[in-house]
Amino acid sequence: MERIELSKDKKKTVKKVKTKDMAKKKEKKELGLGIRALLSNIDSKIAVDPKKVVQELSSAVAQIKLSAIETNPDQPRSEFDEDALKELSQSIKSYGLIQPITVRRLTQKTYQLISGERRVRASKMAGLKEVPAYVRITKDEEMLELALVENIQRENLNAIEVAITYQRLIDECNLTHAELSKRIGKNRSTVTNFMRLLKLPPKVQKAIKNKSLTMGHARALSGVEDLSIQLSVFKEIQEDNLSVRATEELIRSYSPKSSKSKAKKKKPALPEEYRRIQNDLSDQFETRVAIKRKSTGKGQIIINFDNDIDFNRILDFFE
């Protein structure tokens, strides 16, 4: 297959992107070294200033080997939907584990799972050797709550990080939504709006983390229950730079009332098996893939790309 040669300007753009990626990796590595150093000397630091240790651990994410994590024997949930786990596993392969798990440190090399068993199982299915995790120490509940509430006040947190912190306060400190809203001085509706962000598709969550999608857009998307509509609207927001108001109008256009006149012209739904394949291909190529199939069995597979760089990236899958 013939490849497209990039112009000098585009090659410079690629070089800049690679330089930025390298800088991010270096920064991530340095942060990793910091948390590893903290964990390796944690016993002596706890003896001196346990509050400071809890504060540092509350906002730091460590990479923990899955083999070093044991499940909690008191975990009330024992059954997990296999299909849902496979979907989450595929998502983790494509986008990584966006929401870290939480573990309690037992020894220098072993940890017990506090929350995130579903994510752990899916990560194992995805072939991961280690996962991002928040680490807790024994009897730190009261100090942890204070530390997490303090973390929320930081100005540099993105909306997903705020939502994850709210979720941690609810899960790890046994707070209700009402109790949490009192602790942080926010309306209950504000807490709920943030929590709904964690139910958005990983691709959308990543855009929120990268701040290429605003909280207003995210709030509008979180009100959409249909995943295919969410992703379709998200794509239009990115491609057409839609305002929040335009996004809300677009979402309304998908409502049953607005589409009554088009009901007779509606095309037959794609069979479930084809839809599953379509989603798998979208995850594999990290772009929108559409399968069009006629009743005769004939059809097309359409793979979208944004530019020459993206086109060449997709071509690499066929070599």
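The residues of the stretch 302-319 that are closer than 21 Å to Glu239 by Cα and aliphatic (A, V, I, L, M), listed by number, are Ile302, Ile303, Ile309, Ile314.
Going through (1) at pLDDT 90 or above; (2) assigned to a helix (DSSP H, G or I) one by one, Leu242 falls short only on (2).
Elements of the type helices (runs of 4 or more DSSP H) sitting completely within the stretch 32-125 and holding at least 1 residues that are closer than 30 Å to Phe285 by Cα: these cover 82-95, 117-125.
Exactly one residue out of Lys257, Lys264 is at pLDDT below 70 and part of a helix (DSSP H, G or I): that is Lys264. Quick check on Glu225: is it within 22 Å of the chain's Cα centre (by Cα) and exposed (fewer than 14 other Cβ atoms within 10 Å of the Cβ)? When the stated conditions are applied, Glu225 passes them. The number of residues in the stretch 157-172 that are among the polar types (S, T, N, Q) and part of a helix (DSSP H, G or I) comes to 2.
Taking the stretch 144-162 as the range and being under 14 Å from Arg183 (Cβ atoms) and either of a type in the set (A, V, I, L, M) or not assigned by TED's automatic domain parsing to the domain that holds His177 (or both) as the test, the residues that pass are Leu144, Leu146, Ala147, Leu148, Val149, Ile152, Val162.
Taken together, the residues in the stretch 120-145 that are closer than 19 Å to Ile35 by Cβ and among the charged types (D, E, K, R) amount to 4.
Among the residues of the stretch 270-279, those that are touching a helix residue (DSSP H, G or I) at 6+ places or on another chain (Cβ under 9 Å) and either in the same structural domain as Glu239 (by TED's automatic domain parsing) or surrounded by 14 or more Cβ atoms within 10 Å (Cβ to Cβ) (or both) comprise Leu270, Asn279.
Just a yes or no: is a residue in the stretch 193-205 among the β-branched types (Val, Ile, Thr) and farther than 30 Å from Ser282 by Cβ? Looking through the stretch 193-205, none of the residues is among the β-branched types (Val, Ile, Thr) and farther than 30 Å from Ser282 by Cβ. Filtering the stretch 88-143 down to residues that are among the small types (Gly, Ala, Ser), touching a strand residue (DSSP E or B) at 6+ places or on another chain (Cβ under 9 Å) and buried (at least 18 other Cβ atoms within 10 Å of the Cβ), which residue is nearest to Pro73 (Cα to Cα)? The residue in question is Ser115. Restricting Glu70, Glu117, Glu82, Glu141 to residues that are in contact with a Cys (Cβ under 9 Å, 6 or more places away or on another chain) and charged (D, E, K, R) narrows the list to Glu141.
The values are calculated or read from the model by the stated rules, or taken from the named source; none is laboratory data. Note that this is a predicted model, so its numbers are computed, not measured. Cβ sites come from the backbone with ideal geometry, for glycine too, and all protein chains shown count toward neighbours.
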